[in-house]
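Novice: Have a look at this one before I ask anything.
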Amino acid sequence: MGRTRLFTLLAAAAAAEHEERFTIHDALEKAHEKMIRRHGHIFGEHKAETPEDAMQVWQIIKAKEKEAKKAKTTSTKGKQEKD
């Protein structure tokens, strides 16, 4: 990562922390969780014998995340409409 990108990332994180939106620790923790979750062939119970198998596992996990996010967004919209 170049110095400019690193500075931009740290400046954005500092601004977000100042606005009490999130801390850099929060952001790093989320990134770590996502890395572990999306690489089930390394950290989880999924098996991948080939790079293609690993990619397939990654795609399946990513699709499940997308569905969960879509379901969460849909339920949140329904709740807002009731309020």
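Each reported figure results from applying straightforward, stated rules to the coordinates on display, with no laboratory input. As the structure is a prediction and not an experimental result, all values here were calculated from the model.
Novice: For n ≥ 4 DSSP H runs only, could you compute -39500 (n - 2.57) per run for the chain, divide by its residues and tell me the 222 nm figure to the nearest 500?
Specialist: Here the helix-only value at 222 nm equals -27000 deg cm²/dmol.
Novice: Applying the Karplus parametrisation 6.51 cos²θ - 1.76 cosθ + 1.60 with θ = phi - 60° to the phi angles of region 15-20, what ³J(HN,Hα) value in whole Hz is obtained for each residue in order, glycine and proline being reported as x?
Specialist: Running phi through 6.51 cos²θ - 1.76 cosθ + 1.60 with θ = phi - 60° gives 5, 5, 5, 4, 7, 6 Hz.
Novice: Right, next: Within straight cross-link reach of LYS62, meaning Cα distance under 12 Å, which aspartates and glutamates are found once same-chain residues fewer than 8 apart are removed?
Specialist: none
Novice: Oh, and also: Using Cα-Cα distances under 8 Å and only pairs 6 or more residues apart, what relative contact order does the chain have, in percent?
Specialist: Dividing the mean separation by the residue count of the chain yields 14 percent.
Novice: Could you give the alpha-carbon Rg of the chain over 2.2 N^0.38 Å, rounded to two decimals?
Specialist: Output field value: 1.49.
Novice: Long-range amide H contacts for HIS39: which residues qualify at under 5 Å (H placed 1.01 Å from N, peptide plane, sequence gap of 5 or more or a different chain)?
Specialist: For HIS39, whose amide H was placed from the backbone, there are no distant partners under 5 Å.
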